[in-house]
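Q: Dropping the structure in here first, questions after.
The values are calculated or read from the model by the stated rules, or taken from the named source; none is laboratory data. Just so it is clear, the structure is predicted and the values come from calculations on it, not from any experiment. Ideal geometry is used to build each Cβ from the backbone, glycine not excepted, and the neighbour counts take in all protein chains shown. With ligands, DNA and RNA removed, areas are computed over all heavy atoms of the protein, side chains included. Shrake-Rupley method; radii C 1.70, N 1.55, O 1.52, S 1.80 Å.
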Number of protein chains: 2
Amino acid sequence: MRQLYHFWLSPFSRKVRLVLAEKKLEFELIAEPVWDRREEFLLLNPAGEVPVLRDEDGTVLADSAVICEYLDEVYPENPLFGDDVKHRAEIRRLVAWFDGKFNREVTDHLLGEKLLKRFFANGVPDTAILRAGRTNLTHHLDYIGWLFERRNWLAGDHLTMADIAAAAQISVIDYMDDITWSKHPRARDWYMRIKSRPAMRDLLADRQASFPPSRHYANLDFE
Amino acid sequence: MRQLYHFWLSPFSRKVRLVLAEKKLEFELIAEPVWDRREEFLLLNPAGEVPVLRDEDGTVLADSAVICEYLDEVYPENPLFGDDVKHRAEIRRLVAWFDGKFNREVTDHLLGEKLLKRFFANGVPDTAILRAGRTNLTHHLDYIGWLFERRNWLAGDHLTMADIAAAAQISVIDYMDDITWSKHPRARDWYMRIKSRPAMRDLLADRQASFPPSRHYANLDFE
């Protein structure tokens, strides 16, 4: 059985889960406590980070971007990287936007302060950092809205890796109840569209009692 | 003429310059003062970051990973992403290592403190951050050495994108004289090999009078 080493609230782990689900590939989820730096895990990925995928034939892959490109190449059904070199470049640009810029400007701030600092360092969230993350977030939601006004999905007519990378990040932020959806109706429409896909179900059901999600997190109508 | 908007000491700009040179593609270098947030430039890349490539047919591409994948697909001569899906995954894993992990743990610390803080914020480098960057650097140089002990180039028999991503980062660090090469003989042998390629020449000649390079920066024998 295919195995995915993950952390439940890591956007990068979520991205791979979504790709596997969109491609209807079965897999087993293994929660990896990366902070323990288990030797066995470091042998799989010397970078010590999740996600790591062990495919059915034993191939071990690290880094979410690497895993997604690999899965799309090896399992070409329901392609997620477009159909020509320019479309592929636009999709990858947006993936880099969410994996890089969004993650750095928003998720690192909010998830870092709210979850990682609290649970792993016993610290108190720094309100200045939270504020910066939330301010940056509004610009990103505006950008999602701007794209969705012009396109059916973020990178064009069909769902692609760009939507998946964005949904992976947004789902983490929404879990923590940091999005005022009423102020971002277009981004909300896009998120509602992807949220209603079967591939999202498993992710929306994942939660921890000690750190519960926002009230509307799994509701398709945001109520 | 193909145009590359860049910042001379950005490892990501350097990575694209090396790819263009390895593929023997002519291009014009345009220094972009990203801190000015020029409107004309933001229209090319709303993320406001270099590198940005305008290809001969007018296609505009942002994000160094996107540009490199695109160039390799459109100009397949001297391929840099390997020849099968597993080799490609290993190459991309190492690219992600240097673009992500190395950049975050080493370059952000050293370049951030030494150049960006000094020239753009009139600040004084924080010695604790410099020390952390240098400590992390030794682990990365050991890893390069470990790979090079087992392979002809970082990802296998031939020069690939992995070597280029690594050389782009290392050249920036070496410019700032932060590498004690005598302590890392294997990493040094690898760097000597890539440094002697014609594609590196242009990069090794790039310097600024107000921020001069280490004495050995452009010397192929490190003397």
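Q: For the stretch B:185-210, how many residues meet the condition of being outside any helix (DSSP H, G or I) and within 14 Å of B:I173 (Cβ to Cβ)? Let's see the steps before the verdict.
A: First, pick out the residues of the stretch B:185-210 that are outside any helix (DSSP H, G or I): B:196-197, B:205-210.
Next cut, within 14 Å of B:I173 (Cβ to Cβ) only: none.
Within the stretch B:185-210, residues that are outside any helix (DSSP H, G or I) and within 14 Å of B:I173 (Cβ to Cβ) number 0.
Q: Here is a check on your reading of the model: is A:W97 modelled with pLDDT under 95 and either outside any helix (DSSP H, G or I) or aromatic (F, W, Y) (or both)?
A: Details: modelled with pLDDT under 95: no; either outside any helix (DSSP H, G or I) or aromatic (F, W, Y) (or both): yes.
For A:W97, the condition - modelled with pLDDT under 95 and either outside any helix (DSSP H, G or I) or aromatic (F, W, Y) (or both) - is not met.
Q: Please state which of the following conditions B:W8 fails to meet, knowing it meets all the rest: (1) in a helix (DSSP H, G or I); (2) open to solvent by less than 30 Å² (accessible area, probe 1.4 Å); (3) touching a residue at least 24 places away in the same chain (Cβ under 8 Å).
A: Checking B:W8 against (1) in a helix (DSSP H, G or I); (2) open to solvent by less than 30 Å² (accessible area, probe 1.4 Å); (3) touching a residue at least 24 places away in the same chain (Cβ under 8 Å), the one that fails is (1).
Q: For the stretch B:61-70, state whether one or more residues are part of a helix (DSSP H, G or I), free of Cβ contacts under 8 Å to residues at least 40 places away in the same chain, buried (at least 22 other Cβ atoms within 10 Å of the Cβ) and of a type in the set (S, T, Y).
A: For the stretch B:61-70, residues part of a helix (DSSP H, G or I), free of Cβ contacts under 8 Å to residues at least 40 places away in the same chain, buried (at least 22 other Cβ atoms within 10 Å of the Cβ) and of a type in the set (S, T, Y): present.
Q: Now for a separate question. Could you tell me whether any residue of the stretch A:81-91 is farther than 30 Å from B:D57 by Cα, modelled with pLDDT of 95 or more and at the interface with chain B (Cβ under 8 Å from one of its Cβ atoms)?
A: Keep residues of the stretch A:81-91 that are farther than 30 Å from B:D57 by Cα, which gives none.
The answer is no; no qualifying residue exists.
Q: Does any residue of the stretch A:112-128 turn out to be assigned to a helix (DSSP H, G or I), surrounded by 15 or more Cβ atoms within 10 Å (Cβ to Cβ) and touching a residue at least 40 places away in the same chain (Cβ under 8 Å)?
A: yes
Q: Do we find a residue being away from chain A (no Cβ under 14 Å) and not aromatic (F, W, Y) anywhere in the stretch B:66-77? Lay out the reasoning, then the answer.
A: Going residue by residue through the stretch B:66-77, those that are away from chain A (no Cβ under 14 Å) are B:77.
Okay, now just the ones that are also not aromatic (F, W, Y), so B:77.
There is at least one residue in the stretch B:66-77 that is away from chain A (no Cβ under 14 Å) and not aromatic (F, W, Y).
Q: Across the stretch A:24-55, which residue is least open to solvent (accessible area, probe 1.4 Å) among those that are farther than 18 Å from B:E90 by Cβ and in a strand (DSSP E or B)?
A: Here is the first cut: in the stretch A:24-55, the ones farther than 18 Å from B:E90 by Cβ are A:24-41, A:50.
Applying the additional criterion that residues be in a strand (DSSP E or B) yields A:28-31.
Numbers: A:E28: 80, A:L29: 66, A:I30: 42, A:A31: 78 Å².
Going through the qualifying residues, I end up with A:I30.
Residue by residue, here is whether (1) among the aromatic types (F, W, Y); (2) buried (at least 17 other Cβ atoms within 10 Å of the Cβ) holds:
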position	(1), (2)
A:T138	no, no
A:D142	no, no
A:D163	no, yes
A:A167	no, yes
A:I179	no, yes
A:R197	no, no
A:N219	no, no
A:F222	yes, no
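Q: Take B:E40 and tell me if it is acidic (D, E) and facing chain A (nearest Cβ under 8 Å).
A: Numbers: acidic (D, E): yes; facing chain A (nearest Cβ under 8 Å): no.
So B:E40 fails the test.
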